[in-house]
Amino acid sequence: MLNRSKRPSYLFLSLVTGLPILLLIGYALWASRGERKYPDRCAANLRYLGYGLIAYATEHGNVLPPHFGALFDKYVPDLDSFTCPSTDTPTAKDIPPSDFHLDPPLYANLPRDKVDYFYLSGWTLGDPPQTVVAFDVPGNHGAKRVHVLFLSTDVSWITTGELRSMLARQIEEAQHQHRRISFLRGSASEDPSW
C-alpha cells in the first residue's frame, strides 16, 4: 500500500510534466488556426475577382478586361481583394490614395507591388470554363501550391507544376487561334517567376 506522504509528490510530478506538454499542444493548435484561414480568405478574394471579371465581361461584349485595374471601383470596390492575406503586401488602408490614380474612363493603375495575383488577359466568356484566368503569385503561401481562378469562377488549390502544365496548354491553344495572351500583375505585364 502506498504511503500517503508519497501521493502528493506523485500528483505534483504529474502536473509538472503533463501541464507543459498540454500547453505546448494547445499553443500549436491555436497558432495553426490563423494560418489555415488565410488560404480560405485568399481563395475568397480570387473568387470575388472572378465575379468582377464576369460582370465586366457581360457589359463589354463578353470580353474580359485588359487588366485587373479595369475592375477597380465599379466591379470590385474593395482594394483588399487584390491582395493575398498570407503576404505582407499593404492592405488598402495602408496605401495612400495617390498610389491609385483614376483616369477618365474609369481605370485604376494598380501598382504591381500592391497586387498579389497574376491575371491572364485575352479571354472571353465563350472560352471553356476550365480556362485559367488568374492565380497566386508563386510563393504567396510559402509552399509550392497556388490558388487558381478559372473562368467558371471556381478556385482550386493546385501545385505550381500542375499550373504550368495548364498554362502551357492554354497558351498553345491561344497561339493556334492567333490570340494574344498576356500575364499581368497589377496593370503591368510580367512573367511569373517559377
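The values are calculated or read from the model by the stated rules, or taken from the named source; none is laboratory data. The structure presented is a predicted model; accordingly, all values stated were derived computationally and were not measured. Using ideal geometry, Cβ is built from the backbone for each residue, glycine included, and neighbour counts are taken over all protein chains shown. Note: areas computed on protein heavy atoms with side chains; ligands, DNA, RNA excluded. Shrake-Rupley method; radii C 1.70, N 1.55, O 1.52, S 1.80 Å.
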Can you tell me how many residues within region 121-155 are open to solvent by 40 Å² or more (accessible area, probe 1.4 Å) and either in a strand (DSSP E or B) or hydrophobic (A, V, I, L, M, F, W, C) (or both)? 4
Please verify whether region 161-176 includes one or more residues that are at pLDDT 80 or above and part of a strand (DSSP E or B). no
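In region 65-80, how many residues are outside any helix (DSSP H, G or I) and either in contact (Cβ under 8 Å) with a residue 40 or more places away in the chain or aromatic (Phe, Trp, Tyr) (or both)?
Of the residues in region 65-80, 5 are outside any helix (DSSP H, G or I) and either in contact (Cβ under 8 Å) with a residue 40 or more places away in the chain or aromatic (Phe, Trp, Tyr) (or both).
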